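Presented below is the structure to which this report refers.
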Amino acid sequence: MIGIVITGHGNFPKELISTARKIIGDLKGIIVVTTRYKEEPSNLRARLNKAVEKVASNEGVLVLTDIFGSSASSMCINMHKKYPVRVVTGINLPMVFALATYRNSALNIDDLAFMLEKVGKKSITKW
Amino acid sequence: MIEKNLKIKHKWGLHARPAGKFIRLAAKFKSDVYLEKDGEKANGKSILEILSLALEYGSSVKIIASGKDEKDALKTIEDFLSQEEE
Amino acid sequence: MLIKGIPASPGIVAGKAFVLKPEALTIPKYKISQKEVVAETKRYMDALVLTRKELAGIQKKVEKELGESYPDIFAAHVLILDDPSLREKTVKIIEEKNANAEHAVAQVLEKIGKTFSHIEDSYLRERAQDFKDVGRRILKNLLGKKEETLTNLSDKVIIVAHDLAPSETAQMDKKNVLGFATDVGGRTSHTAIMARSLTIPAVVGLRDITQRIESGDDIVIDGHEGIAIVNPPKSTLERYLKRRKQLAVLEKKLDKLKKAPAQTTDGHRISLMANIEMPKEVELLERYGAEGVGLYRTEFFFLNRRDIPSEEEQFQAYKYAAERAYPLPVVIRTLDLGGDKFASVLETPKEINPFLGWRAIRFCLARPDIFKTQLRAILRASIYGKVSVMYPLISALQELRQANKLLEETKRELKKEKKEFSRNIKIGAMIETPSAAITSDLLAEEVDFFSIGTNDLIQYAMAVDRINEKIAYLYQPASPAVLRFIKHIVDAGHRKGIKTAVCGEIAGDIQLTLILLGLGVDELSMGPVAIPEVKQIIRSVSIEEARKITEKALSLDSTEKIVSYLKSVKEPLRLLYEPR
């Protein structure tokens, strides 16, 4: 099972997941890492590391973050582990729904990241 | 982003087997990796694009790496392409 | 309808044909709405995932069956499957052209075909086929089609196909496969190797049999003669079935001979060895009662690839063979390929006469880098068993000396590197050119043994290209010229105290066993399947009889007379076919 870590500014990741859960039911095996304003980088890094290691398997860990370029995103992008670690930024609610569906298919971590990026982008439309 | 020009030293060129090795090597890096020959750019992580470049022994190629670990990536690829054989 | 091909695996079988034809896939093309793009992309991804699973399964099966050293084409296919650029291109078409996944994949494949057709290098150009193969799998999975596999055969059948790839045979329902018949291929193609390892008959190179037969038709294949007969008339069928029964009886009898020595009734011994192409074939030594490997053809390694196998790769293969065969000996022949094989890389012009050209030992002496890599591998492997080395196509003493010099150099280098090897490794020369034959007295001084490569010797001696249909009839093993050549070589060897083997096709030809015996040949090396029959013949005569027969044959002045004389000496042969 691919490990999932969701992180972002403040309580955003926590609210995102709990909202998703209210709509589609329980989402198992996801670790949420909320962040605090002006947190010590080394502290954040340690927390992210711990979260990633908690859900890791040799299929890897997919980290979903809110903004590309944030400290959390950069830290995860540069993680070097024995298993693959992939990051998809700009997480939105449709992506979380897709995650729930796709996790049960046999997609590997690159496939999953690819699909979530697609879903995320496709869900942005203009009227 | 950093670049380097060099000539392929592999005795048999970058045919199927070393091309495969190359791809696996490039995949290890987070940076984007490209090989450019005669103005044509190929994604270093795509076996299709690398094979299509048809890199023979002696071809001149430019390595382009861009990303946090670009220095490492460039060095590793340079070493690989400068080997005479597997 | 009788079709002639190339014998690939001995035996006769009759049965229903199962024709494996690549299914023509109809690629649907339709528009999808923007809303459906994600779902369609997912559908494509699911097909990729399925294909990935398929390849992993096949890879495992092939590895299990044929060992790890078998060329791994699947590694390339896996890379193609995961190629990010391919994925991007396909999904882009789905998104931007609102196309269904099948159409998108087909488009990408077409583009790839075009791109590759512009590549000059022929080896790389052929890689396009790998992309097509993977693409086809993905399409099949998208269309929800089951692979037309051989996994579930409801009846016992003879598989007829254009060619058989490891991926197909790995999944085969083996107990229901009676034999193979293919359009293309040769003795060393995968079909042949698979058939021999399963000990079922096979005929390859039948050109267009897949066009001339349907699944369910009756077919008879004769793996000895290389013949396939489609919908044979009853009389023909009966004839083949009778012969098949005879062969089965014979086989049972011969199996008892496994442990018996190849010895004439009056105690004269001759060694019966096996010719092999791949290390795994060493397992056949025990099965057929071979006394060792008289010829390990190393070319198989070098085929189907652009580069040359590394020293380590070769070492592992030779070591495996030496170890598994031990305590039986293994004679490894150095590279006997044409320079034309390497022409594209070395940019040498195409030869007009590759047969008389830059190949075998001449090529190796001109490319000591390639030659020494092989010698190093052979020397290093020599400590793991009883290994001897043999040079092909020696045409003059000078060549032999040069080769030996390089061998000595290699030994010195290994010594310096503190790598172990067998100091007194035996060295042999293949005598297959008329010049070598006539100067065999000189060559005998500087080798430990001879091995007569009759396939080439006959062609050079009679100036015949046996593939040329117009003159192939001139290729006559049982001709006065050939017999005298062999006698000359054997005698020259004996005078200098060395043994001579025969490792060409005639070694396994039971029509000629008595003559070879009578000529004083010390060893016969053949395809292992032929060993029991040859042994039976040897065990049913005395050396005196054999010598008398040979003397008489040598006195005859034409092939026809020799052949009919040999046919008349059928007593020992008759014994083979009488049910007793």
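Restricting region B:34-68 to residues that are among the hydroxyl-bearing types (Ser, Thr, Tyr) and at the interface with chain C (Cβ under 9 Å from one of its Cβ atoms), the residue that is nearest to A:His80 (Cα to Cα) is B:Ser46.
Looking across region C:481-511, the residues that are over 30 Å from the mean Cα position of the chain (by Cα) and not in a helix (DSSP H, G or I) come down to C:Lys496, C:Gly497.
Residues that are surrounded by 15 or more Cβ atoms within 10 Å (Cβ to Cβ) and either outside any loop (DSSP other than H, G, I, E, B) or among the polar types (S, T, N, Q) (or both) within region A:1-13 comprise A:Gly3, A:Ile4, A:Val5, A:Ile6, A:Thr7, A:Gly8, A:Phe12, A:Pro13, listed in sequence order. Scanning region C:403-423 for residues that are in contact (Cβ under 8 Å) with a residue 24 or more places away in the chain and in a helix (DSSP H, G or I) yields C:Ala403, C:Asn404, C:Leu406, C:Leu407, C:Glu409, C:Thr410, C:Lys411, C:Glu413, C:Leu414.
In this structure, does C:Met462 turn out to be under 21 Å from C:Leu554 (Cβ atoms) and touching a helix residue (DSSP H, G or I) at 6+ places or on another chain (Cβ under 9 Å)? In short, yes. For region C:540-555, state whether one or more residues are touching a strand residue (DSSP E or B) at 6+ places or on another chain (Cβ under 9 Å) and either part of a helix (DSSP H, G or I) or not hydrophobic (A, V, I, L, M, F, W, C) (or both). Among the residues of region C:540-555, not one is touching a strand residue (DSSP E or B) at 6+ places or on another chain (Cβ under 9 Å) and either part of a helix (DSSP H, G or I) or not hydrophobic (A, V, I, L, M, F, W, C) (or both), which makes the answer no. Within region A:87-99, identify whether any single residue is facing chain C (nearest Cβ under 9 Å), surrounded by fewer than 15 Cβ atoms within 10 Å (Cβ to Cβ) and in a helix (DSSP H, G or I), and answer yes or no. Checked against the condition, which is being facing chain C (nearest Cβ under 9 Å), surrounded by fewer than 15 Cβ atoms within 10 Å (Cβ to Cβ) and in a helix (DSSP H, G or I), region A:87-99 yields no hits at all. Scanning region C:241-275 for residues that are modelled with pLDDT of 90 or more and touching a strand residue (DSSP E or B) at 6+ places or on another chain (Cβ under 7 Å) gives C:Pro261, C:Ala262, C:Gln263, C:Arg269, C:Ile270, C:Ser271, C:Leu272, C:Met273, C:Ala274, C:Asn275.
Of B:Glu84, B:Glu3, B:Glu70, B:Glu49, all but one fail to be over 10 Å from the mean Cα position of the chain (by Cα) and either under 24 Å from C:Gln129 (Cα atoms) or crowded, with 22+ Cβ neighbours inside 10 Å (or both); the exception is B:Glu49. Of the listed requirements (1) away from chain C (no Cβ under 11 Å); (2) free of Cβ contacts under 8 Å to residues at least 40 places away in the same chain; (3) basic (Lys, Arg); (4) in a loop (DSSP other than H, G, I, E, B), B:Lys9 misses just one: (2).
Selection over region A:17-66 of residues that are over 16 Å from A:Val87 (Cβ atoms), assigned to a loop (DSSP other than H, G, I, E, B) and not acidic (Asp, Glu) gives a count of 9.
Matching residues to (1) within 25 Å of the chain's Cα centre (by Cα); (2) of a type in the set (Asp, Glu):
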site	(1), (2)
C:Glu408	no, yes
C:Ser440	no, no
C:Ala444	no, no
C:Asn455	yes, no
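For region C:140-155, state whether one or more residues are of a type outside the set (A, V, I, L, M) and in a helix (DSSP H, G or I). Taking every residue of region C:140-155 in turn, at least one turns out to be of a type outside the set (A, V, I, L, M) and in a helix (DSSP H, G or I). Take C:Phe131 and tell me if it is at pLDDT 85 or above, closer than 30 Å to C:Arg43 by Cβ, touching a Lys or Arg at 6+ places or on another chain (Cβ under 6 Å) and crowded, with 20+ Cβ neighbours inside 10 Å. So C:Phe131 does not fit the description; no. Across region A:100-116, the qualifying residues are those that are surrounded by fewer than 16 Cβ atoms within 10 Å (Cβ to Cβ) and facing chain C (nearest Cβ under 9 Å), and the one among them that is modelled with the lowest pLDDT is A:Ser105. Selection of region C:361-402 for residues being without any contact (Cβ under 8 Å) to a residue 60 or more places away in the chain, closer than 18 Å to C:Leu337 by Cβ and part of a helix (DSSP H, G or I) yields C:Ile361, C:Arg362, C:Phe363, C:Cys364, C:Leu365, C:Ala366, C:Pro368, C:Asp369, C:Phe371, C:Lys372, C:Leu375, C:Glu399. Of the strands (runs of 3 or more DSSP E) entirely within region C:1-110, those holding at least 3 residues that are crowded, with 21+ Cβ neighbours inside 10 Å, more than 14 Å from chain B (Cβ to nearest Cβ) and under 37 Å from the mean Cα position of the chain (by Cα) occupy C:6-9, C:12-20. Screening C:Ala39 against (1) at pLDDT below 90; (2) outside the structural domain of C:His224 (by TED's automatic domain parsing) leaves a single unmet condition, (1). A count restricted to region B:20-33 and to residues that are within 11 Å of chain C (Cβ to nearest Cβ) and in contact with a Lys or Arg (Cβ under 9 Å, 6 or more places away or on another chain) stands at 4. Applying the set (1) aromatic (Phe, Trp, Tyr); (2) within 14 Å of chain B (Cβ to nearest Cβ); (3) in contact (Cβ under 8 Å) with a residue 40 or more places away in the chain to C:Phe116 leaves exactly one unmet item: (3).
The values are calculated or read from the model by the stated rules, or taken from the named source; none is laboratory data. Every value quoted in this text rests on a predicted model; they were computed, and no experiment measured them. Ideal geometry is used to build each Cβ from the backbone, glycine not excepted, and the neighbour counts take in all protein chains shown.
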